[in-house]
1. Does Glu323 satisfy being touching a residue at least 40 places away in the same chain (Cβ under 8 Å), over 20 Å from Thr234 (Cα atoms), out of contact with any His (no Cβ under 8 Å at 6 or more places or on another chain) and not in a strand (DSSP E or B)?
2. Do we have Gly583 as in contact (Cβ under 8 Å) with a residue 24 or more places away in the chain and on the phi > 0 side of the Ramachandran plot here?
3. Looking only at residues in the range 524-579 that are of a type in the set (Lys, Arg) and touching a residue at least 40 places away in the same chain (Cβ under 8 Å), which one is nearest to Lys403 (Cα to Cα)?
4. Which condition number in (1) within 18 Å of Asp418 (Cα to Cα); (2) at pLDDT below 85; (3) under 23 Å from the mean Cα position of the chain (by Cα) is the one that Ser278 fails?
5. Being more than 20 Å from Thr542 (Cβ to Cβ) and among the small types (Gly, Ala, Ser) is the filter here, so list the residues in the range 488-497 that pass it.
6. How many of the residues in the range 844-878 are over 30 Å from Pro830 (Cα atoms) and assigned to a helix (DSSP H, G or I)?
7. So is Ala274 surrounded by fewer than 20 Cβ atoms within 10 Å (Cβ to Cβ), in a helix (DSSP H, G or I) and not acidic (Asp, Glu) or not?
8. Residue under question is Cys471, and the condition is that it be at pLDDT below 75 and either part of a loop (DSSP other than H, G, I, E, B) or among the acidic types (Asp, Glu) (or both); does it hold?
Amino acid sequence: MNGFSAGTVEDDLWGNQRDISDHRGLSQMRRLKDLAIFEISTCYRQESNIFCYNTHIDVFEHWSPIQKKPSDPASESKDNEEELCARTKVLNIGLVPVVSASPSTTESDNEAIEDIPTPSHIENLRLTQAFIELIKNTTLNNGKLDETSTDRLQDPVTDPIDLSDPALCFSLDLYIACMNPSEATYNAVWQAIVRFLPDLNILSYHLAKKEVEEISGVVLVHDDMCINLCHAFTGSFADLDICTICSESQYTLVSNCHKKETNVHFPLGPQIQALQCSVQVAEAMAYQEHKNTEILEGFEFIDPSEAVYNDIFCGEDIRKLSEELDLTSNDTTVILSINSAQLYQNKKLDTWIGIWIVGNYNPKTHYQSKCILPVMVTPGPSKCKIMDSYLFCSLHYLSVIQKVDNGARIKVYNAAKDAVVLSQTVVFAANSDAPGWSIWMVICRKGCPMKGQHKPSSGHYFSAHLKPNNCNINDCNHPDFNFHDFTFQISPDTYNSSLTIVLESVDKNTYEKNCKPTGLSKPLILSRLHPLYILSIPLYFTIDTMHLFGLNLGEHLIPVWHGIFKCKSTDDKSIWDWATLVGTTWQSHGKLVAAATKFFPSFFHCPPRNPAEKISSGYKVTEYYLYLFGLGPGFFQAVLPKKYWKNFCKLVHGVHIIMQQQITGKQVQEAHSYLVQFVKEYEHLYYKRHMDQLHFQLKFSELGMGVLWINTPWNMPLVSLEKEFGSHQIHTEICAKFPSDVLRENLASDLSEAELDVIKQVCNKQKQQKWGHIHLPNGQIARSRYSEKRRVSEDTRITHNVKIHCNGKPQFAEVQYFFLDRDSDKPGEPIAHAVLSLHGPPNHDMLVESSHTLHACRYTGQDNLCCLPVIAIDSVISMQPLSCLPDDPVDLWFVVEKSGLNDVQLVLYGEDILN
């Protein structure tokens, strides 16, 4: 939406503070666009020097950049210097040091400089330009990496690690075991060991930490920062001692030079080198080359509607970049994700965490702790004012490794190949949550051309597609948005042209006017990374489906149905026929949601709590997702009027498709169709072109082509950084590996007549030894009614309902028990079977009215048994009791599937599921 909104923060309907920046647009398959190299000058240039100003205006909150009158070029330099002197004199910190442009100017450099736009008149834009130019001029020697780490980037260690010293091994084991506890815990254990085993030379905590850094090569870099989180003392602020915004000193006492606060960075280069030092990791990272080869060979001859998208490499822009760079298993591809975190439930503490998601791995392992690399951690409790200053060092180190030996790639020791290889680091995408996006991105994610609507005398835009009735506001008179003929994403050329317009603003008023139609407010600090090794802006901006589907939609729809949206004086709540979740209905509905917990298998994320009691006190993303898109079609059909429920089910249908691990071009078109229908109907049902109900409009984000769950921050970076980097084993066989402690009978049991009838098709035995559960290749554990009825308690989570494929069709069933057929055709290879009770077919009327999202089935018990090999089981599901309306069928149960598990990989016995 082109109506510019500057990351506004306000209280939501539950009394919590949150960002209200708009999510804009709808989904459509992205067209292949030519890669454009976007470079922009960023510093004020006078003769051979670059002046980096220390001034800043928080444009995101106050919109108060210093207003300047137009002046002739001859006086502009003098005015800038006088302004700088005046501001720094007040802060008593002296002039900001002049940073010389490096290297010396050559003829080719002069040609490049001619393409550099004039530095902006707007203060915050000049500051961003200064940071960008410093990233452009990075070298191995102008950062904070020590000499050893710098040398390793050019000459990696290839000698095997010597762990022959038992004391050293013991010290390393102890250090790793105490990574989660505090340093004091390590020292306490160390002192106890030294006391009783004085001859054992155990390293102290600091010596062990130093040894770990030496072995791994991974280093931490600390940057000084303002105690109020205004900015870090990096880049243009590197030589300052006092914050340019709040005037706080970075020292507790200037005399002792003790820093008040620091944030930590993890340079990417040493981490990449450490990854491939492991044979196992190096082999896992080879997935990228195999997948690229498979995609490049197959996509050219496939009908786009039949193409299967199951990885980021399937995307058109990334596919083209991979082909141009000829990426191999030696290269590293990463996705940058910056998110804010609330560490304490009842305490305001905004911690900012950045991570690199390594794209070389199989998507099934992308978000495991061991596959995620930290970028930086910035402590709270305040909100970052200048995020560029905190990201500067991390992007500085990235720029360095992209330009080593003029872009020839850094040297990495690959343990799997036992050789030093050249590795390039390519940035595929960047993502953030809404607060982070408004602070450091400050751009509509896709730049779609849709214009928003706003109320009279209000500067906040809503993403309404329909023109309000009787609207006489100048910038809201545009016609209804055409869903079927629009550009989903702006091209790099259009972005560059729009950015030039913003940068050429001569004063505050012009700047604000230019921000609105362009959707931009400043250049991005990412824009000066090596242009060959990053997608052009804005192609690499991805969609944050985690917050959109798991939080934003829930925080909008539930208050609408709960009837607590603001009601204007010209409106009347009594005509809000959608507001049915009120009074006793809301309380009963909340209890029904809470009671659903026992029917969710334990691995179904976090089941939703009672929304009537807990939705205003930290409802989690996974709770909202299961509440809306899992339980929603079944639970809301009994409380919402049918027209609103049917509209909601179209949203559910589209989201279910989007969140699949594997998606086809035809499914993308289907999801797009359902989501467009949902948005159109939503505006006609709720907004109704009424200006006083414009705030009912959804802040709906566009949905891009591809497998969006891979590019979105579902990884919960805070948890990933805090947890120990351990090994998470994925089971590799389709049929359970039956360990010795698996619940099973010691003796064979007699079978009922119904069981004998179905089992005799497999084997001719009157008795069978029953097994309690098996492991599925997707990591789930499928239990049985036989095992769960023996451990009944209030906390028992039902895990014996499964989705199967039978006769080429998906069906739902309850597992009675498992058994081994030891009389199979292959001697020595018993085949695992499951005795299943098939649920009845879904109620046809409910299935159609719900856009195929409500599979309401009847439980049949022993009346509909079958016996199938366990390879017919796809996944474990939840079967929830359906609350019906008076005229609806009774005793029905509806299906809730875990998101993204409809494409479970089926393999034969002994095959590796990861291949």
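The values are calculated or read from the model by the stated rules, or taken from the named source; none is laboratory data. These figures come from a predicted structure and were not determined experimentally. Here the Cβ positions follow ideal geometry from the backbone for every residue, glycine too, while neighbour counts run over all protein chains shown.
1. no
2. Judged against the criteria, Gly583 is not a match.
3. Going through the range 524-579, the residues of a type in the set (Lys, Arg) turn out to be 528, 566, 568, 573.
Remaining after also requiring touching a residue at least 40 places away in the same chain (Cβ under 8 Å): 528, 566, 568.
Working: Arg528: 12, Lys566: 54, Lys568: 57 Å.
Here the residue is Arg528.
4. Every condition holds for Ser278 apart from (3).
5. Hit for the range 488-497 is Ser497, nothing else.
6. Within the range 844-878, residues that are over 30 Å from Pro830 (Cα atoms) and assigned to a helix (DSSP H, G or I) number 6.
7. yes
8. Numbers: at pLDDT below 75: no; either part of a loop (DSSP other than H, G, I, E, B) or among the acidic types (Asp, Glu) (or both): yes.
Against the criterion (at pLDDT below 75 and either part of a loop (DSSP other than H, G, I, E, B) or among the acidic types (Asp, Glu) (or both)), Cys471 does not qualify.
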